1. Taking the condition of being charged (D, E, K, R) and closer than 14 Å to L60 by Cβ, how many residues in region 145-161 meet it?
2. Taking the condition of a type in the set (S, T, Y), exposed (fewer than 14 other Cβ atoms within 10 Å of the Cβ), modelled with pLDDT of 85 or more and outside any helix (DSSP H, G or I), does S163 pass?
3. So which helices (runs of 4 or more DSSP H) are wholly in region 1-117 and hold at least 3 residues that are within 21 Å of the chain's Cα centre (by Cα) and either surrounded by fewer than 16 Cβ atoms within 10 Å (Cβ to Cβ) or without any contact (Cβ under 8 Å) to a residue 24 or more places away in the chain (or both)?
Amino acid sequence: MTEKLQAIRTISNRLAIALAALVLVMVGGAFFAYLNPDGNTVSAPLAGFAAGVVGGFVGLQRRLKSMSDDDLSLLANSWVYVCLSPFVGGILAVVLYVLFLSTLVSGELFPTFVADTQNPSHQVQTGFAEIFAVHGNAVDYAKMLFWSFVAGFSERFVTDIVSKFENQSGPDEKSDQ
């Protein structure tokens, strides 16, 4: 077996172990949420983060064969680097969730959430906690999970969206000098 194939095998094994651990945590969380039907046990950002992490695992596995030997060597010799891409995918999924809440990214393809402060059956949250106190219908949550997976799978997806806002923010301060 060549060094490249050995590195891919090592990385794939590490990805499988880390993904299995994540799935166990997610199944445990789903079981916990099922036993607590009040609906307050799993927040949308946490679910989006988990979907982004899974997308990051799938995206990294997909890119392995096209990586350089140096990148493969780095991944094969470090658990941190193997887990870094999925973790970043989870962070980008949460950023995307915030973009959905802010309606900076909106349309038929994207979820629409309503603050629980507008729903009298939910406890009113104030301040930063309002980000976690939203609700939508099943279609909105499905859209959020799909786009969260995409955010982890293709890290460029969210970074390109953020770059568009950066480019629209106005003239560069250096041009004023």
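The values are calculated or read from the model by the stated rules, or taken from the named source; none is laboratory data. Fair warning: this is a prediction, and the values are worked out from it, not measured in the lab. All Cβ positions, even for glycine, are placed from backbone atoms using ideal geometry, and neighbour counts span all protein chains on display.
1. Looking only at that region, the number is 2.
2. No; evaluated as a whole, the condition is false for this residue.
3. Qualifying helices (runs of 4 or more DSSP H): 3-35, 44-63, 79-101.
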